[in-house]
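The values are calculated or read from the model by the stated rules, or taken from the named source; none is laboratory data. Computed from a prediction, not measured in an experiment: that's the story for all the values here. Quick reminder, even Gly has a Cβ in these numbers, built from the backbone with ideal geometry, and neighbours come from all protein chains shown. Heads up: the accessible areas ignore ligands, DNA and RNA and are worked out on the full protein's heavy atoms, side chains in. Shrake-Rupley method; radii C 1.70, N 1.55, O 1.52, S 1.80 Å.
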Amino acid sequence: MENATFKLRGMSCASCARSIEDAISSVPGVNECSVNFGAEQATVDYDPQQTDLQAIQDAVDAAGYSAYSLQEQNFITGEDDEEKRHRQKESRDLVQKLTVGGIISTVLVIGSLPMMIGLDIPLIPMWLHNPWLQLVLTTPVQFWCGYSFYVNTWKAFKRHAATMDTLIALGTSAAYFYSLFATLFPGFFIAQGLMPDVYYETAAIVITLILLGRLFENRAKGQTSEAIRKLIGLQAKTARLIRNGREVDVPIEEVQIGDVVLVRPGEKIPVDGEVVEGSSTIDEAMVTGESVPVKKHPGDEVIGATINKTGSFKFRATRVGKDTVLAQIVQLVQQAQGSKAPIQRLADQVTGWFVPAVIAIAILTFIIWYNIMGNVTLALTTTVGVLIIACPCALGLATPTSVMVGTGKGAENGILIKGAESLELAHQIQTIVLDKTGTITQGKPTVTDFLTVNGTLNSNEIKLIQIAASVERNSEHPLAEAVVRYAQSQEVPLADVRDFEAVTGSGVQGIVSDRLVQIGTQRWMEELSINTQALQQDKERLEYLGKTAVWLAVEGEIKGLMGIADAIKPTSTQAVRALQRLGLEVVMLTGDNRRTAESIAREVGITRVLAEVRPEQKAATVQALQAEGKIVAMVGDGINDAPALAQADVGIAIGTGTDVAIAASDITLISGDLQGIVTAIQLSRATIRNIRQNLFFAFIYNVAGIPIAAGILFPIFGWLLNPIIAGAAMAFSSVSVVTNALRLRNFQPKTLG
């Protein structure tokens, strides 16, 4: 079996996604198919002996949509320009149609206001009431702005299905053609003792509002491929090869396995390989997520797209193109984005039975009243009333309005939410996975303990900080940088150093104020015959806490001990406690050794720890948690977290982390404060409650209004629902939905820590 990911075009709702799944699944040789409506992708497992990519694409085309394989994209270039142009054109078309529809709808509402309220308004010119003018204005909105609704309705009809577009097309067409009939044949209504009322504004307003929601949806979908483009952008564009004893710069796509590559300080490593000559320190944070650069010697592996900090070295290419670690991460993100989300929009689910039911009720209404009363006008009036009151304006607004207000409120609280799907799903989270480095912790080594043989630092012993930082300033080791930063935070001035020497794997030494200062490991101190017994218990305690112990000796005598660790963020403990009070299981995920991981977990109150997890295993770890039947959120900040963020039901990125992690996630915390996770979940729950209330408002008018429009009260009271009232009820339902959504502006996060 092989796996392929397809980019899809032409979907308008979840029903379309189901139709494409059915079409692809019907192809012989296809084992499994999953369509992601939000990402506009299909992931297909198929047998290449029975079918091929072209057959799958043909099946999608036959269903009325289009698809192309993402495997056809070049890893070097990323998303093709044609897809980018297509999305930009689609967005421009929506803006144009929305602008035209908005202007015309405003004029129509003004012209129809006297009829709607039953009173003359002197300020409104009489010519705006003219039905012929309204016909001319409405026609381009109905058939140009609303063209896509008719096209998608026809596609659904051919599949014997109904979608959200079916409701829109039926409702607006009923209002338009009823009004057209009343405009062309007013005498027909007058002869029946009825007023030839028109409802052009209803059709125009509905189409315009739905287009507004489509515009927001289109722009949100455009972000799904952003993570892929940024990941690919990390790689070097060229490589410096050693050929025939000469240095030659070539494009990265020309590098072959076995080529010897030269890398200088500050340059990106172009492909994966093995060091053959020289040594250096490599910053692998963009791939591994760990902040401490790694020392590389001959025989060690290097990863493409990582940065060489110090020294020059040569390495032999072992993996190039789509086989590199970065390329594999890209593929993992693509697969995770193409997988189906566990939630479907309620409105799209309802249309499966709601649309046929409304159509059936409308037809039945016409037949019953025509047979009972023999009055075409009465039968037509009730039928149109049913279709108008069932128009899905409020249904279309129920989710987008709440999401717009909710995401705006999130931004006020430093939380960027990419779209409705993320906001909807966040309230169902059961397990939240926190990456350690840069998420729970600060993401950079810090001196957390500076101990002296006397136990405390006094004004004289501050000198120890000065001499330690003065010597370490000459070193490029990340732990040395932590010591220098510590001295700077204490506002300690640095002194001159002479005869500086770095002892590989052991430490550094130099002369400060004519005194020999040596800083390094326990093993090096023992080799120098320096007695460390005075602070030995402290050293063991630091290591138990997962910290690196660094000794400080002056003139061959131990003077101090430093504990260096990646410090926990000040709000992490409080945030973990708040998440647990929300009923969530909190899990810590890290590549660190278990002893260090468990010490950090104990400090912040986490009981479940997944340690020693390699970067490429993170997405699989999240998938394993999902296999337990849980809705999982992943919180991370490194590029290595991107596949896991995409795999999770909800990916939450720390805003202070990498752009790729942010692009691959669903929610971004701008400040990097974990309290933002608590706020995001609270906001999601408040928004979902609001959406459910909106859907109730939207449907209650249909549930109560459709029977009334069908004439259920006529035998009792002799009263029929005028289509004007039906239109007003539909409009009022929309006002109720919008007004209720605006209540979210009063949302305030609760303190649970």
How many residues does the range 415-445 contain that are polar (S, T, N, Q), over 15 Å from ASP666 (Cα atoms) and open to solvent by 20 Å² or more (accessible area, probe 1.4 Å)?
2
In this structure, is GLY705 on the phi > 0 side of the Ramachandran plot and either in a helix (DSSP H, G or I) or modelled with pLDDT under 85 (or both)?
no
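So for the range 446-455 (the condition being closer than 30 Å to GLY651 by Cβ, surrounded by 16 or more Cβ atoms within 10 Å (Cβ to Cβ) and touching a residue at least 24 places away in the same chain (Cβ under 8 Å)), does at least one residue qualify? It would help to see each step written out before you state the result.
Initial filter on the range 446-455 (closer than 30 Å to GLY651 by Cβ): 446.
Adding the requirement that they be surrounded by 16 or more Cβ atoms within 10 Å (Cβ to Cβ) leaves 446.
Imposing the further condition that a residue be touching a residue at least 24 places away in the same chain (Cβ under 8 Å) reduces the set to 446.
Looking for residues that are closer than 30 Å to GLY651 by Cβ, surrounded by 16 or more Cβ atoms within 10 Å (Cβ to Cβ) and touching a residue at least 24 places away in the same chain (Cβ under 8 Å), one finds at least one in the range 446-455, hence yes.
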Among the residues of the range 497-527, the number that are of a type in the set (Lys, Arg) and free of Cβ contacts under 8 Å to residues at least 40 places away in the same chain is 2
For ILE568, work out the one condition from (1) in contact with a Lys or Arg (Cβ under 7 Å, 6 or more places away or on another chain); (2) touching a residue at least 40 places away in the same chain (Cβ under 8 Å); (3) hydrophobic (A, V, I, L, M, F, W, C) it doesn't fulfil.
(1)
Residues of the range 294-317 classified as open to solvent by less than 60 Å² (accessible area, probe 1.4 Å) and either of a type in the set (A, V, I, L, M) or part of a strand (DSSP E or B) (or both), total
12
Which one of these is modelled with pLDDT under 65 and in contact with a strand residue (DSSP E or B) (Cβ under 6 Å, 6 or more places away or on another chain): LYS295, LYS314, LYS309, LYS340?
LYS340
Could you tell me whether the range 128-137 includes any residue that is closer than 23 Å to CYS16 by Cβ, modelled with pLDDT of 85 or more, open to solvent by less than 20 Å² (accessible area, probe 1.4 Å) and not charged (D, E, K, R)?
no
For the range 537-559, check the following and say yes or no: at least one residue is at pLDDT 90 or above, out of contact with any strand residue (DSSP E or B) (no Cβ under 7 Å at 6 or more places or on another chain), buried (at least 19 other Cβ atoms within 10 Å of the Cβ) and not in a loop (DSSP other than H, G, I, E, B).
no
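Residue by residue, here is whether (1) within 21 Å of GLN647 (Cβ to Cβ); (2) crowded, with 16+ Cβ neighbours inside 10 Å; (3) modelled with pLDDT under 85 holds:
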| residue | (1), (2), (3) |
| --- | --- |
| CYS13 | no, yes, yes |
| ALA17 | yes, yes, yes |
| ASP22 | no, no, yes |
| VAL27 | no, yes, no |
| ASN31 | yes, no, no |
| GLU40 | yes, yes, yes |
| ASP47 | no, no, no |
| GLN50 | no, no, no |
Look through ILE168, ILE207, ILE228 and report the one residue that is in contact with a Phe, Trp or Tyr (Cβ under 8 Å, 6 or more places away or on another chain), open to solvent by less than 20 Å² (accessible area, probe 1.4 Å) and at pLDDT below 80.
ILE168
If I ask for residues that are part of a helix (DSSP H, G or I) and modelled with pLDDT under 85, which ones from the range 647-674 would you list?
ASP659, VAL660, ALA661, ILE662, ALA663, ALA664
Between residues in the range 200-213 that are of a type in the set (Asp, Glu) and residues that are open to solvent by 20 Å² or more (accessible area, probe 1.4 Å), which pairs lie under 6 Å by C-beta distance while being six or more apart or on different chains?
GLU201/VAL109
When the range 473-500 is examined, which residues are found to be under 22 Å from LYS296 (Cα atoms) and open to solvent by 80 Å² or more (accessible area, probe 1.4 Å)?
ARG473, GLU476, HIS477
Within the range 603-630, the residues that are in a loop (DSSP other than H, G, I, E, B) and open to solvent by 30 Å² or more (accessible area, probe 1.4 Å) are GLY605, THR607, GLU612, ARG614, GLU628, GLY629, LYS630
